[in-house]
Ligand SMILES: Cc1cc2nc3c(=O)[nH]c(=O)nc-3n(C[C@H](O)[C@H](O)[C@H](O)COP(=O)(O)OP(=O)(O)OC[C@H]3O[C@@H](n4cnc5c(N)ncnc54)[C@H](O)[C@@H]3O)c2cc1C
């Protein structure tokens, strides 16, 4: 199993209750793909905690994590030189089609974590736009690790910062005509909003909002009229048990049957998810 003892290079609180941790992890860095994750032993807690690979730089990987409970609190207290037991890279990451040109990324809050790696990976070959949403301005991620040339739009729910007030899904329709492939990481409410409103549109007609057809009303007739699915890959951050496919703790129902998030994901097609019973 790909388990390593990794040295903490730095661990800094960069946003309220959110840490950026760099680890010396050459073997993980050498093979990691955007969307993959690692699991970490956190003190004496039985279950390892999963975190997305946020950035890779030569022999190092970065993790961006929000303090959610005992495990992430313990991680936030690690200092330079501490050694961590890390397993990874795990799971199946994002796929970028070779014939796609325009990639749209949607990051809800801490969901920015895996998308920065994807943006860094894809931006030399593709045009990338990122929409980042947060509750309030102090939760907006500093965009300095993003390669230049990426167009970033930020929104906050309370209107205290960013380019406007609202949710990512409020402005998503403005980008649909432009994008060939979409990627998202965020809370389940964001995914459900996207699935409900924005996944299907008329092609090749311009994707004005009046062309959008809510999934619920999508029928075979609509397909015959030329409406088609706008696909989006999402990273599902469900609660995980073992993280390596042994315990079935992270199983979800999809249109393609029962899937384990740790092995078959965490990246799935948004349209494949059957949301009933998915707990994020
Ligand atoms: C594949 C994957 C990648 C992830 N990547 C990141 C990341 O890059 N950055 C980040 O901040 N978080 C990420 N998470 C979520 C992270 O794993 C959890 O926040 C963490 O395990 C919580 O552990 P804890 O001991 O601190 O909290 P716990 O005491 O275990 O739980 C505290 C609270 O966090 C909630 N929680 C627990 N597990 C999860 C989970 N998996 N997802 C969402 N909420 C959870 C619980 O419902 C509870 O309310 C990821 C999860 C998965 C499955």
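Quick one: helix 188-197 against the long Cα principal axis of the chain, what's the angle to the nearest 10°, folded into 0 to 90?
Tilt of helix 188-197: around 20 degrees.
Would you mind telling me which residue in 28, 131, 14 has the biggest mean-square fluctuation in a Gaussian network model of the chain, where springs connect alpha carbons within a distance under 10 angstrom?
14
The chain: D in µm²/s via Stokes-Einstein (Kirkwood Rh, Cα pairs, 25 °C, 0.890 mPa s)?
Here the translational diffusion coefficient equals 127 µm²/s.
So in the chain, what percent of DSSP beta bridges are antiparallel if you round to the nearest 5?
Looking only at bridges with both residues in the chain, the antiparallel portion is about 60 percent.
May I ask you to compute the full-extension gain from residue 66 to residue 143, defined as 0.36 nm times their residue separation minus their alpha-carbon distance, rounded to one decimal in nm?
Between residue 66 and residue 143, full extension yields 26.0 nm more.
Grab the DSSP H runs of the chain that are 4 residues or longer, score each as -39,500 (n - 2.57), total them, divide by all residues and round the 222 nm result to the nearest 500 deg cm²/dmol.
-4000 deg cm²/dmol, from helical runs alone.
Per-residue counts of other Cβ atoms within 10 Å, averaged by peptide: what ranking do you get for 57-66, 101-110, 231-240, highest first?
Top to bottom by mean Cβ count within 10 Å: 101-110, 231-240, 57-66.
Once you have the alpha carbon radius of gyration of region 1-153, what is it after dividing by 2.2 N^0.38 Å, with N set to its residue count?
Rounded to two decimals, the normalised Rg is 1.03.
For the chain, set up a Gaussian network in which alpha carbons nearer than 10 Å are linked by springs, and say which option among 15, 115, 51 fluctuates the most.
15
Take the alpha carbon atoms of region 19-36, find their center, do the same for region 117-162, and report the distance between the two centers in whole angstrom.
Here the answer is 20 Å between Cα centres.
Mind pulling the angle between the C-alpha long axis of helix 112-122 and the longest principal axis of the chain? Nearest 10 degrees, somewhere in 0 to 90.
80 degrees
Rule-based calculations on the coordinates, nothing more; no lab input. Note that this is a predicted model, so its numbers are computed, not measured. FYI the Cβ positions are ideal-geometry reconstructions off the backbone, even for glycines, and counts take in every protein chain you see.
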